[in-house]
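Colleague: Following this message is one structure expressed as structure tokens.
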Amino acid sequence: MTTPFHLVIMGAPGAGKSTQSKLLQALYALRVYATGQMLRDEVALGTPLGNLAESYFEHGTLLPDTVMIDLITDRLAQLPPQQGCLFDGFPRTIPQARALDDLLHHEHRALNAAISLELTDDQAIQRLGGRRMCVGLGDPFPVHISDQAALDDCLRRGGQLVTRPDDEPAVIAERLHVYEAETAPLRDYYQQQGMLIPVSAAGTPQQVHTTIVAALQARITSTPYMPTK
Ligand code: AP5
Ligand code: MG
């Protein structure tokens, strides 16, 4: 019998949430709910939610809590009971965090840890300035222009390299400000619950991943769910 586990990964824009999510997903077969990417998918489809999201992306601000909570409620209802998940970019406010607690409880699930990636604003700005999204190979994933091998691999496999519209200097500055004002207080929220795992995000992606896995191993003792292909 496996017990599914559930993780939150938080951190400033550019801290490496999506990079680490991809590595953790591969290791633990978690379903990843990346709210920013879910919204970008809606933009690409031209849905009403996508149209709404676009106006917030333009300014680097957060969509209303009710919209995001409804979105996660809907997706979580579709998660197989034996599979766990990782939330990348949700929650971002205290009301979202409280709603997630209620939702997991309602679904007879429990949060195991909230990983907080810690990085200075200057480092985050440098990362975002060189980020490209590799699209067209399943879920879009971030690469950096300093990683020529990753860029070549994306292109060789038929992917395309795209710059995110919100990776523009003025919008990055606003996103960092919004993170400090609205999301950083979640560190205390999860610290009080004994859930917080602060991790320096300053090393290479693999070094950060190794640190996260070592911290998780102390908390997660169940066998991860492995979907049958
Ligand atoms: P979202 O897409 O979540 O954006 P974000 O929080 O600003 O974070 P990023 O995706 O920009 O950064 P990341 O931490 O994932 O870094 P990455 O791994 O790409 O949200 C976008 C928008 O959607 C929000 O602004 C908001 O409007 C809305 N939204 C989403 N969720 C919401 C919610 N819950 N409530 C309300 N609104 C919501 O890495 C960055 C770069 O660095 C990449 O190039 C990568 O290759 C590189 N890199 C990563 N790790 C390393 C490393 N260790 N060393 C060197 N380079 C690295
Ligand atoms: Mg991301």
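Colleague: Residues that are farther than 27 Å from Val199 by Cβ, out of contact with any Lys or Arg (no Cβ under 9 Å at 6 or more places or on another chain) and of a type in the set (S, T, N, Q): does segment 89-108 have at least one?
Modeller: no
Colleague: Looking at Gln192, is it over 16 Å from the mean Cα position of the chain (by Cα) and either loosely packed, with under 13 Cβ neighbours inside 10 Å or more than 22 Å from Val32 (Cβ to Cβ) (or both)?
Modeller: Working: over 16 Å from the mean Cα position of the chain (by Cα): yes; either loosely packed, with under 13 Cβ neighbours inside 10 Å or more than 22 Å from Val32 (Cβ to Cβ) (or both): yes.
Criteria met by Gln192.
Colleague: While we're looking at this one, here's another question. Can you name the residue in segment 56-72 that is within 6 Å of ligand 1 (Cβ to nearest atom) and not hydroxyl-bearing (Ser, Thr, Tyr) and is also surrounded by the most Cβ atoms within 10 Å (Cβ to Cβ) among such residues?
Modeller: By that ranking, first place goes to Met68.
Colleague: Tell me, yes or no, whether segment 132-139 has at least one residue that is among the β-branched types (Val, Ile, Thr), part of a strand (DSSP E or B) and farther than 13 Å from Thr19 by Cβ. Give the derivation first.
Modeller: So the first thing to find is which residues in segment 132-139 are among the β-branched types (Val, Ile, Thr), and the list is 135.
From what's left, part of a strand (DSSP E or B): 135.
Filter once more, keeping what is farther than 13 Å from Thr19 by Cβ: 135.
Within segment 132-139, one or more residues are among the β-branched types (Val, Ile, Thr), part of a strand (DSSP E or B) and farther than 13 Å from Thr19 by Cβ.
Colleague: Considering every residue within segment 106-124, establish whether at least one is within 25 Å of Thr3 (Cβ to Cβ) and assigned to a helix (DSSP H, G or I). Break it down stepwise before answering.
Modeller: Just the residues of segment 106-124 that are within 25 Å of Thr3 (Cβ to Cβ), to begin with: 106-116.
Checking the rest, the ones that are also assigned to a helix (DSSP H, G or I) come to 106.
Checked against the condition, which is being within 25 Å of Thr3 (Cβ to Cβ) and assigned to a helix (DSSP H, G or I), segment 106-124 yields at least one hit.
Colleague: Another question, then. What's the total number of residues in segment 151-189 that are under 30 Å from His59 (Cβ atoms), among the small types (Gly, Ala, Ser) and surrounded by fewer than 18 Cβ atoms within 10 Å (Cβ to Cβ)?
Modeller: Here is the first cut: in segment 151-189, the residues under 30 Å from His59 (Cβ atoms) are 151, 154, 159-189.
From what is left, the residues that are among the small types (Gly, Ala, Ser) are 159, 170, 173, 181, 184.
Then drop every residue that is not surrounded by fewer than 18 Cβ atoms within 10 Å (Cβ to Cβ), which leaves 170, 173, 181, 184.
Final tally of qualifying residues: 4.
Colleague: Give segment 1-56 a look and list any residue that's of a type in the set (Lys, Arg) and under 13 Å from Phe90 (Cα atoms), or say none. Walk me through how you get there before you give the answer.
Modeller: We begin by selecting, within segment 1-56, every residue of a type in the set (Lys, Arg); these are 17, 22, 31, 40.
Residue satisfying the conditions is Lys17 alone.
Here, each number is a calculation from the coordinates, and none is a lab measurement. Computed from a predicted model, the values in this text were never measured in an experiment. Quick reminder, even Gly has a Cβ in these numbers, built from the backbone with ideal geometry, and neighbours come from all protein chains shown.
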